[in-house]
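A.B. asks: Once you've had a glance at the structure underneath, I'll fire off some questions.
The values are calculated or read from the model by the stated rules, or taken from the named source; none is laboratory data. All values derive from a computational prediction rather than experimental measurement. FYI the Cβ positions are ideal-geometry reconstructions off the backbone, even for glycines, and counts take in every protein chain you see. Heavy atoms of the whole protein, side chains included, go into the accessibility calculation; ligands, DNA and RNA do not. Shrake-Rupley method; radii C 1.70, N 1.55, O 1.52, S 1.80 Å.
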Amino acid sequence: MIIACNWKMNMKRASAHDLVSDMASLSVPDKVQRIIFPPFPLLADIGAQIRETDILMGGQDCHSQEKGAYTGDVSASMLADIGCKWVIIGHSERRQHHNEGNTIIAEKVSAAQSAGLSVMLCVGETEQDRLSGTSDAIVLDMLASSLPDHVDPMRLAIAYEPVWAIGTGQNADEADISGMHNRIAAFLDASDMPDIPVLYGGSVKPDNVAGILGIASVDGVLVGGASLVAESINSITSQALAV
Ligand code: PGA
């Protein structure tokens, strides 16, 4: 079970330090893996802080090239060098605000895996897709097109995040999550990648996480807003331990 914490563009050193201390005070057996995704400027400090804990760290994005004249960007090998084990790729906020399409996302997946990172690849339909009844086709196409030809299944997790559920307080209902996760699992099976964890993300909170984690095809959650508050993320983690 994976509890992934996407801090997005939130937190400064002091508040991040306090949050991680509170998270580390909860002892978490191997059954649950916590991964935090701080903003780039915090990675060095937080990396030092989590060294003696079970918490892993990742970047929220990386460039598709290993190095070069790309002002403002960060490469996967830089993330690995500073202690990241993971990177989020293809989050809907990157797709939307940075115009990232499936082709560049697939290149980033390759770059990240080549640098030794595990990839949390995000896919999900928009509200418009949902209303027009095309969610399944959109999500499966996004998944197929966002994966490079050569992918290391040992370094991959998929996060199904309906865009309309992100940051809205309105999570997808359990039947919809279960249906989409089953379709994603069938796609992965058919692609000879049967053991890849599939997470749900989008308004996961302490009061809905037990139901979501109780769905057989859900292997964890990607949490945004609720991962910024120690009591919330510790409650979510404790509930994951009880599943
Ligand atoms: P949210 O964000 O939990 O605040 O909805 C989830 C995400 O964007 O990963």
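A.B. asks: Would you tally the residues in segment 103-136 being over 19 Å from Leu56 (Cα atoms), buried (at least 18 other Cβ atoms within 10 Å of the Cβ) and among the polar types (S, T, N, Q)?
C.D. replies: Summing the residues that are over 19 Å from Leu56 (Cα atoms), buried (at least 18 other Cβ atoms within 10 Å of the Cβ) and among the polar types (S, T, N, Q) in segment 103-136 gives 2.
Quick grid of which residues meet (1) among the small types (Gly, Ala, Ser); (2) touching a helix residue (DSSP H, G or I) at 6+ places or on another chain (Cβ under 6 Å):
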site: Val119; (1), (2): no, yes
site: Gly133; (1), (2): yes, no
site: Asp141; (1), (2): no, no
site: Val151; (1), (2): no, no
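A.B. asks: Go over the candidates Val223, Val209, Val229 one by one and state the one that is open to solvent by 10 Å² or more (accessible area, probe 1.4 Å), within 14 Å of the ligand (Cβ to nearest atom) and among the β-branched types (Val, Ile, Thr). I'd like the intermediate steps shown before the answer.
C.D. replies: Working: Val223 fails: open to solvent by 10 Å² or more (accessible area, probe 1.4 Å); Val209 fails: open to solvent by 10 Å² or more (accessible area, probe 1.4 Å).
Sole residue among the options that is open to solvent by 10 Å² or more (accessible area, probe 1.4 Å), within 14 Å of the ligand (Cβ to nearest atom) and among the β-branched types (Val, Ile, Thr): Val229.
A.B. asks: Looking at the structure I just gave you, is Met180 modelled with pLDDT of 95 or more and either more than 23 Å from Gly101 (Cα to Cα) or surrounded by 13 or more Cβ atoms within 10 Å (Cβ to Cβ) (or both)? Steps first, answer last, please.
C.D. replies: Values: modelled with pLDDT of 95 or more: yes; either more than 23 Å from Gly101 (Cα to Cα) or surrounded by 13 or more Cβ atoms within 10 Å (Cβ to Cβ) (or both): yes.
Taking the combined requirement at face value, the residue satisfies it.
A.B. asks: So, in segment 1-14, exactly how many residues are outside any loop (DSSP other than H, G, I, E, B), open to solvent by 50 Å² or more (accessible area, probe 1.4 Å) and of a type outside the set (D, E, K, R)? Don't jump to the end; show me each part of the working.
C.D. replies: Our first condition is that a residue be outside any loop (DSSP other than H, G, I, E, B); within segment 1-14, this holds for 2-6, 13-14.
Subsequent filtering for residues that are open to solvent by 50 Å² or more (accessible area, probe 1.4 Å) retains 13-14.
Add one more test, that the residue is of a type outside the set (D, E, K, R), and what stays is 14.
So the answer is 1.
A.B. asks: Give Leu121, Leu147, Leu156, Leu140 a once-over and let me know the one that is away from the ligand (no atom under 16 Å from the Cβ) and under 17 Å from Leu222 (Cα atoms).
C.D. replies: On the way: Leu121 fails: away from the ligand (no atom under 16 Å from the Cβ); Leu147 fails: under 17 Å from Leu222 (Cα atoms); Leu140 fails: under 17 Å from Leu222 (Cα atoms).
Checking each option against the conditions leaves just Leu156.
A.B. asks: Is it the case that Glu66 is open to solvent by 60 Å² or more (accessible area, probe 1.4 Å) and within 16 Å of the ligand (Cβ to nearest atom)?
C.D. replies: Details: open to solvent by 60 Å² or more (accessible area, probe 1.4 Å): yes; within 16 Å of the ligand (Cβ to nearest atom): no.
Against the criterion (open to solvent by 60 Å² or more (accessible area, probe 1.4 Å) and within 16 Å of the ligand (Cβ to nearest atom)), Glu66 does not qualify.
A.B. asks: Now for a separate question. Here are some residues: Glu66, Glu100, Glu107. Which one is within 21 Å of His150 (Cβ to Cβ), among the charged types (D, E, K, R) and in a helix (DSSP H, G or I)? Let's see the steps before the verdict.
C.D. replies: Values: Glu66 fails: in a helix (DSSP H, G or I); Glu100 fails: in a helix (DSSP H, G or I).
It is Glu107.
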